[in-house]
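Here, each number is a calculation from the coordinates, and none is a lab measurement. A quick note: this is a predicted structure, and the numbers were derived from the prediction, not measured. When we count neighbours, we look across all protein chains shown, and the Cβ atoms used for this are built from the backbone with ideal geometry, even at glycine.
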Amino acid sequence: IRDSYVTAFSGADTTSPAPVPNVHLVSNTPKQVSLAWNATTDNVGVAGYRVWRWDAVNSWIMIAETNSSTLSYSDGTVSDNTFYKYGMRAFDAAGNISTVAPGIKVTTPLITNAYVAEINHLKHHTNF
């Protein structure tokens, strides 16, 4: 029994996915940062992606996990006039994780009276 157990697991996937390509900023508002990326590759298959953000105490925190077909994420937990840095990692079903893709650095815009007026206008004239 022991030999068959070792044989069954000797072909386990130990290869990490390739780094996530083309991570880029889609939009940046005072209350939301939207990112997108291209699909990456893996010898067996990519299971999904993890979005990481550098926090105020100088450490990376995972803020989202998507499946392999979701190639974008919008972070609605940001504050205006604040610097953020994002990183991406792919993972596979065996738990292998890619190296961190090059980070995206962004500073959210300051909320201005014009921004507030635009949001109020949209709320009043749409089902926003």
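Brief remarks on what is shown
- 27 Å Cα-Cα reach of Lys85 towards lysines, excluding residues that sit fewer than 8 places from it in its own chain: Lys31, Lys105
- Tail weight of P(r) past 17 Å, computed on alpha-carbon pairs of segment 56-116, percent: 52 percent
- Fraction of C-alpha pairs exceeding 20 angstrom in segment 1-112: 46 percent, rounded to a whole number.
- Ordering of 77-86, 34-43, 58-67 by burial proxy (mean other Cβ atoms within 10 Å per residue, highest first): 34-43, 77-86, 58-67
- Stokes-Einstein, applied to the Kirkwood radius of segment 41-90 over Cα pairs at a viscosity of 1.306 mPa s and 10 °C, places its translational diffusion at 131 µm² s⁻¹.
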